[in-house]
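Each remark here refers to the structure printed beneath this line.
The values are calculated or read from the model by the stated rules, or taken from the named source; none is laboratory data. Since the structure is predicted, the reported quantities are computational estimates derived from the model, not experimental observations. Cβ: placed from backbone, ideal geometry, glycine included. Neighbour counts: every protein chain shown.
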């Protein structure tokens with residue numbers, strides 16, 4: 001069983017890598033779409049700030065994911081393994097079709113699916129974290145759009161008398177900072193979700209490591225009070241590497257198909273999205289970086305004129321968001337059923 005748990009920890013880091021790979025578009029689409037950085041330089045920049053997030057935020061989101069959605073008494077290796085496979089499967093499906101769905105909601109939906117498969121409705125701890133997460137599905141892109149729109153209006157007023165060429169040069173430089181801020185916020189929220197799953201796994205299987213010595217002793221975790229340093233560093237490293245290798249199919253959707261972006265718009269969208277995500281991380285709310293930055297891009301486009309946003313593309317993204325939690329949950333429930341047959 002010890003080696004089975006170790007293997008699941010490795011699968012969790014694979015999910016974290018795929019999360020970064022899938023969500024790299026969130027961090028780089030705007031800066032690539034405005035041609036401020038080449039794709040290679042953009043992913044390198046984003047990956048650096050994904051990792052630096054390890055030193056700038058706490059672990060409130062990790063604790064929420066690990067203990068806020070599923071009854072901790074039901075946590076075991078099979079449940080977590082099924083949840084990870086369900087989330088990975090949905091991420092890869094949406095990546096293949098270029099759909100910027102939420103890795104966060106895929107993971108939460110997958111945990112709910114495997115939890116339901118094991119313990120029925122009683123397995124779900126309906127309460128604060130579920131309420132916050134479900135509300136954030138609507139609230140995070142809405143806030144992103146509103147903050148981006150207000151910021152765009154303010155910037156246009158502030159630079160009204162500045163020559164267009166001079167403003168363009170300024171925002172090409174400023175967008176480096178806003179893009180880094182967005183990647184920092186992305187890492188602060190998304191890497192913690194993997195940390196939370198690993199914590200849930202190790203707390204649920206602590207009996208197998210209580211007598212272990214050496215390196216394996218570090219996998220003995222009794223509660224969710226403190227996330228071990230090795231989990232934090234490995235999680236941030238995995239998501240940074242995933243971001244570096246990038247998900248180019250989704251970059252096209254986020255950077256060009258929703259609305260046409262210029263450096264000033266990219267700056268406003270990234271700054272607004274980062275502010276919303278970082279605030280959520282501070283309060284321990286797992287939000288979708290995909291939802292938030294998409295809403296911010298829409299807000300920037302709508303600040304120019306309503307017709308600047310391709311609302312048909314936006315509508316298709318909303319459909320994908322709505323089905324992510326149940327779809328990932330169904331996959332993980334099926335995987336849990338199969339693993340139980342061989343357990």
Revision key, fill the gap. When every residue in region 207-216 that is over 30 Å from the mean Cα position of the chain (by Cα) and loosely packed, with under 14 Cβ neighbours inside 10 Å is compared, the one farthest from residue 1 (Cα to Cα) is 214
Review point. How do the helices (runs of 4 or more DSSP H) wholly within region 35-110 filter down when requiring 2 or more residues that are within 20 Å of residue 328 (Cα to Cα) and in contact with a helix residue (DSSP H, G or I) (Cβ under 6 Å, 6 or more places away or on another chain): which remain?
Key: 60-67, 77-96
Exercise for review: Could you check how many residues of region 252-276 are within 19 Å of residue 143 (Cα to Cα) and either assigned to a loop (DSSP other than H, G, I, E, B) or modelled with pLDDT under 70 (or both)?
Suggested key: 3
Exercise for review: Using the structure shown, decide if residue 83 is over 22 Å from residue 16 (Cα atoms) and over 15 Å from the mean Cα position of the chain (by Cα).
Suggested key: no
Point to revise | region 151-165, residues that are part of a helix (DSSP H, G or I) and in contact (Cβ under 8 Å) with a residue 60 or more places away in the chain | key: 151, 152, 153, 155, 156
Check your understanding: In region 1-39, which residue that is without any contact (Cβ under 8 Å) to a residue 12 or more places away in the chain and under 22 Å from residue 294 (Cα atoms) is surrounded by the most Cβ atoms within 10 Å (Cβ to Cβ)?
Key -> 35
Check your understanding: Under the condition of being over 12 Å from residue 19 (Cβ atoms) and in a helix (DSSP H, G or I), which residue from region 221-244 is modelled with the lowest pLDDT?
Key -> 244
**Study point:** Tally of residues being in contact (Cβ under 8 Å) with a residue 40 or more places away in the chain and out of contact with any strand residue (DSSP E or B) (no Cβ under 9 Å at 6 or more places or on another chain) across region 119-149
**Key:** 18
